[in-house]
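Here's the structure, in structure tokens; my notes come after.
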């Protein structure tokens, strides 16, 4: 994870997730960023999170890694060199307060430990990312399941938008949005992320 440079997140990129939170579907990708300090490996270790700032919500996501500098017209197949699964964690009550104040979401989305991530796997071509669904199980119970075909903005659209407005290059990663089924984490929970039926990573949650 030391090689990761920028961490981009995409909000409301699955229609059913936007609906479950009562949010409008955006007309263009809704982007935010997380500090690299938010990243934590999902390798079975404990991930410590703030337990005294209201509900911590989980959002399971497909994460893509960029392996080449972005240039206008570059196909996603030429830009993406790996994928992982991750959790975009949100201090939901803090986020609602920030929205009301029209402030940035950084405190709600970018706190230390807010981006647990499995190890990346190399891929050649984005077609491989359509081969399986991804899912989140917590304490053995499935909570979320999604497929990239359900995205409002596909991978090419996301990369073009990010690259054109903010820049995109080797070492950057993109959390591409979450399907429906988000919910609250509890102290001691054990989230596990699956690609099809294959476990890619897990961790144990502890309040700090």
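Structure notes:
- Among the residues of region 2-32, the one identified as at positive phi and either surrounded by fewer than 17 Cβ atoms within 10 Å (Cβ to Cβ) or not in a loop (DSSP other than H, G, I, E, B) (or both) is 22.
- Neighbours by Cβ (under 7 Å, 6+ apart or cross-chain): first from region 25-49, more than 22 Å from residue 180 (Cβ to Cβ); second surrounded by fewer than 14 Cβ atoms within 10 Å (Cβ to Cβ) and modelled with pLDDT of 95 or more: 49/207
- A count restricted to region 41-72 and to residues that are in a loop (DSSP other than H, G, I, E, B) and either at pLDDT below 95 or under 22 Å from residue 143 (Cα atoms) (or both) stands at 6.
- The single condition among (1) surrounded by fewer than 15 Cβ atoms within 10 Å (Cβ to Cβ); (2) more than 21 Å from residue 187 (Cβ to Cβ); (3) in contact with a helix residue (DSSP H, G or I) (Cβ under 9 Å, 6 or more places away or on another chain) that residue 70 does not satisfy is (1).
The values are calculated or read from the model by the stated rules, or taken from the named source; none is laboratory data. Only a predicted model underlies this, so the values are computations on that prediction, with no experimental measurement involved. Note that each Cβ is placed from the backbone with ideal geometry, even for glycine, and that neighbours are counted across all protein chains shown.
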